[in-house]
Amino acid sequence: MKKRLAVLLAMAMMASVFSGCGKKEEAPAEAPAVETEAPAEEEKTEVPAEEPAKEEAVVVNTVILKEADDKMLNTYSVLAVDPEAPFVDADGKAVEGVAVNTAGADALIQWLLSEEAKTLAAEYGKEEYNDTLFYVKEDAPAFEGEIAKATEETKTIRLSTTTSVNDSGLLGAILPVFEGEYGYTVEIQSAGTGKAIAAAKNGNADLILVHSKSQEEAFVAEGFARVLEGFESERLSFLYNYYVLCGPTEDPAGAASAATVMDAFKAIADGKHVFISRGDNSGTHTKEISLWPEELGITVEPESFADYTEWYTSANTGMGACLMMAEEMEGYILTDKATFLTFVANNGVM
Amino acid sequence: MKINAFSKTYEGRKVLDMPEMELTSGKIYAVIGANGSGKSTLAKCLAGILTTDQKQQILSPDISVGYMPQKSYAFRMNVEKNIFLGSKDLIRAKKLMKDLQIEHLAKKSAAKLSGGETARMALGRVLMKTFDLLILDEPTAAMDMETTSLTENLLMEYCRETGCVLLLVTHSLQQARRVADEVFFYYKGKLVESGKKEHVLYSPEMEETQKFLKFYGE
Amino acid sequence: MQSALAKAVALILSADAELCNILSVTAKMSISSSLIALILGVPIGIWLGSSRFRGQSILLIINRTLMGMPPVVCGLIFYMLFSGVGPFGKWKWLFSVRIMILAQVVLILPIVVGNMETYVTGIAQTVKETAKGLGLSGWKTFFLLMNECVYQICSTYLLAFARSIAEVGAVSMVGGAIAWKTNVMTTAIMQYTNRGNFSLGIALGLILMTISLVVNILISVMQRRINR
């Protein structure tokens, strides 16, 4: 009796799923009609009726803003964790002998700064999105020597990075080459910048790959990073790309026509237009904070924007989810271009 | 066998007071009294299920005690296996099942028995091993008249054959009259009167006993 | 929703290597943690339900409190303990399936204990009296009691398994959701959702629930057999 009930229940579940699908399709078909704007040729063919994706007005498409606005520069740096760093445990007591795979970290960093890796990074996504996702810095440090192969002890490299980096798919694309050539296994932990750096400070990472200059400099100042042989700085910046300001097609704040990105931000604030903030102390978040007019007094502290909550939405989640939110709420958002392109190309989903 | 004096206090109230006692093997002792008079408490204390106030042994440790509670548990197995929990003696099991007329239920799941059948199974189970002192708490409460009579005869025969001491807690005066050699009458936790059946049940000395007999009637 | 279902089916049919890895890590973790919690918790629960001793009610209160521990708190505690700077950092258990199992056992054990204790309390007194009356030893009584609970043990296992497979707070913290190593269904769903890929998240969710359903059916059938 029970067996039969269970099977019936399973069938009912499947049936409800299928029947539910039919209804769902009608509603979304109306909504996108209002907002539909296909920004690029390739998206038109891929959009099915029920997915409302493409309503982002991409400010960066205005060529002038992209080139001139250093304010939106997003630099990626890799830092090696120093085993002699002043690690402290949860109570604040100093901890000795924290295990850090320096050999592995060295190998990975050397490879990332090699011609091979830089080329791969620069090429990444070009074909798929018809746009450059990552640029190699002209003054990036370079490595030309021999990279040590993996040994039993140094095989596992713990890389702590941010969700933005990981979600762009860059690491997934280039690291297998490194792993194949030298025999290492790279374990990637991705989290918001704050948590990514904290992981290193807790002795859980061998190197970090982040894009928040102020936090990187603090990391170095606190003594957690080390200088690799042959290099000058603890902070090895090698890639960059641009943030872009995105918003609804209608662009009620007139951001597209603003002179600079900071003027755009001012317009958004003045008009109290919905803005989605990462709110998680990430590199993107810190950059966004720096673009608001000073009088507003917006900082990473929640109290600073308590008065603006009707339009300033602090989401505290990953870039993709925030983009989804911007989509739903027809709001403005600062995002890195790689994530945005992936988001759009996949019709609003990644 | 000798029973040391003991008492049992529960939540501040003394529910049982038992003086020192001597029990003779082969005899059936009936424990009677109204509800709440302490009969079951007595049974549980002697069986070792409740600890007495005195916290020491009330019986000599080399005396084996068997006990059948008022609510007997039917384990999740068939009747036969339940009975084998008492002991693995096949022949004895067969005989007991026959005597208690539950042979036909041997392979039946014990959970599906009626009240009377469960009681018979529980009784058979506890009779599988020969104890020096066998305490039965209202064993025939769930049985009909015919089965009760059957059980009583079985118990009397059993007692004579094995020479055990049978302590039978019962709420039925008639049962006591039929079966007992000696009777303990309890009133509000105190052993008011004890002695031979003829004495306690037919010509009691104490007032409470007389009142009890009159109330519960012939 | 239809796209989610289509995606789910497509994923399974494609036998996507990463999905297979996620499924196998999930299976390894959930089965291990629920079984370990069961093996440890059933005897403890039965013991708690059948004994009577001073301090018993305190133990029960502690157990009940532990039942309500938020998984993310549990994850945090283990993260701090096994972190590079933590007391057990040297063991290198962080970001492994082993520590995920450990954290989950700690979460699920109180539930198993609580479940068994509640059930056993109802029958323990009578069983013990009957067993003692028959002259059975303490161990024999314990095993008899366990035998009485078999049906209950099965349903408790279902509960343990369901808790384990649906849990995300603790395993994401201590496991790090590392691709090909410690990524399970729930953390994968969270990752996709955070990236904005909601429909893939739902697709995975459907797969997860189907697995749960299958396990439920299997064990319910087993329960039925036991009860015959």
task: Please say if region B:96-176 is rounded, prolate or oblate, where rounded means a/c under 1.5 for a ≥ b ≥ c the square roots of the C-alpha gyration tensor eigenvalues, and otherwise the choice is prolate for a/b larger than b/c and oblate otherwise?
output: oblate
statement: Any lysines whose Cα falls less than 27 Å from that of A:K155, other than same-chain ones fewer than 8 residues away, would be A:K118, A:K195, A:K201, C:K28, C:K90, C:K92, C:K181
query: Among B:K94/C:K140; B:K88/C:K132; B:K88/B:K196, which pairs are too far apart, with a Cα-Cα distance over 26 Å?
result: B:K88/B:K196
message: Let me confirm one metric for peptide C:123-130, namely the mean number of other chain beta-carbon atoms within 10 Å of its residues' beta-carbons.
response: 5
statement: Taking every C-alpha to C-alpha distance in region C:114-228 and binning by 10 Å from 0, the per-bin percentages run 12, 29, 23, 18, 12, 5, 1
task: State to the nearest 20 debye the size of the charge dipole of region A:74-241 about its Cα centre, where the only charges are +1 on K and R beta carbons and -1 on D and E beta carbons.
output: 420 debye
Principal-axis tilt of helix B:90-99 within chain B, Cα atoms, nearest 10 degrees: 70 degrees
- prompt: What whole-number value in cubic angstrom gives the convex hull volume per residue for the C-alpha atoms of region C:170-228?
  reply: 98 Å³
query: Hey, got a sec? Which trypsin sites (Lys or Arg not before Pro) in region A:118-166 land in a DSSP loop and have at most 13 other Cβ atoms within 10 Å?
result: A:K149
statement: Shape descriptor, the protein assembly as shown: equivalent ellipsoid semi-axes (Cα gyration tensor, sqrt 5λ, whole Å, largest first) stand at 78, 29, 24
query: Using alpha-carbon pairs under 8 Å, 6+ residues apart, how would you state the relative contact order of chain C in percent?
result: 32 percent
message: Against the empirical 2.2 N^0.38 Å scaling, what ratio does the C-alpha Rg of region C:1-117 come to?
response: 1.39
DSSP-assigned coil residues among GluC sites (Glu not before Pro) in region A:119-176, each with at most 13 further Cβ atoms within 10 Å: A:E138, A:E144, A:E146, A:E152, A:E153
query: What percent antiparallel are the DSSP beta bridges of the protein assembly as shown, to the nearest 5?
result: 50 percent
field: Where trypsin sites (Lys or Arg not before Pro) in DSSP loops with at most 12 other Cβ within 10 Å are excluded, longest remaining stretch of chain B
entry: B:108-218
task: Note down the Stokes-Einstein diffusion coefficient of region C:2-227 in µm²/s, whole number, using a Kirkwood radius over alpha carbon pairs, 4 °C, and 1.567 mPa s.
output: 67 µm²/s
query: How big is the charge dipole of the protein assembly as shown about its Cα centre, in debye rounded to the nearest 20, if each Lys and Arg gets +1 on its Cβ and each Asp and Glu gets -1 on its Cβ?
result: 7080 debye
Principal-axis tilt of helix C:71-82 within chain C, Cα atoms, nearest 10 degrees: 80 degrees
- prompt: Across 10 Å bins from 0, what is the distribution of all Cα-Cα pair distances for chain B, in whole percents?
  reply: 8, 34, 35, 19, 4, 0
field: GluC sites (Glu not before Pro) within region B:119-207, DSSP loop, no more than 13 other Cβ atoms inside 10 Å
entry: B:E205
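Rule-based calculations on the coordinates, nothing more; no lab input. The structure presented is a predicted model; accordingly, all values stated were derived computationally and were not measured. Every residue, glycine among them, receives a Cβ derived from its backbone with ideal geometry; neighbour counts consider all protein chains shown.
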